[in-house]
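Step one of this worksheet: look at the structure below.
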Amino acid sequence: MERDVNASQLAGSVPAHVDFSIIGMFFQADIVVKIVMLMLVLASIWSWAIIIEKSIRLRKVAQQADKFENDFWSGGSLDQLADRIGVRPDHPMAILFISAMREWKRSSERGLARGEGLMGGVQQRVAQVMRVTIDREMERLERYTGFLATVGSTAPFVGLFGTVWGIMNSFQSIAASKNTSLAVVAPGIAEALFATALGLVAAIPAVIAYNKITADLGRYTTRLEGFTGEFQAILSRQIDEEAA
């Protein structure tokens, strides 16, 4: 009976004005803990914006690459395909193709103008142009993904800092009031644990998305490199035909 009374008194020792809702814990938190919470919330929002944008973008370029490869291997003229794409292609594989075709034509015309036929270095120059184009386009696709890695690795520690600070405040409240009741320590501990939770909420999706996006980018890079090899094989055959 005495245990029930003590438990009832302990539960009733928490003031009614203490709000343990998410919004309430934020507004009741120390200024340092508030800054930590705001940083983590903003990092999480920006991470999700990057995740959504990259997911949509990678899905789109994969679909565009499928369509382009169907046109490329349809048996039609490469010059006609280049004319259909135009001078402003809208996805990396088409940009890679147009860059290679532009260098091929430029080198061929210069060689023919000197009466030398196709120069022996055409294939090397085209390969270099395609390599540079791949690097440039992949750099564009990879933009901002490093932020996900940063959030994934640092957000738990930022949340832990807020946790430590909140617990320190709780101990200071105990020392100041000389009271170890739940009413003294509960708000600070709740705020501290909330900061930890926000750190995990920001970090876990960022890590998962970073790994997924990195894998997708790696597959797309391999796809572009494969197309480069195929185009160079076609170019080599064309050079052999011109030389024969």
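Highest mean first, what order results for 140-150, 28-38, 75-85 on Cβ atoms within 10 Å?
So the order, starting with the most tightly packed, is 28-38, 140-150, 75-85.
Compute the distance in nm between two label points, each set 7 Å from the Cα along the Cα-to-Cβ direction, one at MET138 and one at LYS34.
The two pseudo-label positions are separated by 4.7 nm.
Can you tally the net charge around LYS67? Count Lys and Arg as +1, Asp and Glu as -1, for every other residue whose Cβ sits under 12 Å from the Cβ of LYS67.
Neighbourhood net charge equals -2.
Values quoted throughout were computed directly from the atomic coordinates according to the rules given, and no laboratory measurement underlies them. Since the structure is predicted, the reported quantities are computational estimates derived from the model, not experimental observations. Here the Cβ is made from the backbone with ideal geometry for all residues, glycine too, and neighbour counts use every protein chain on show.
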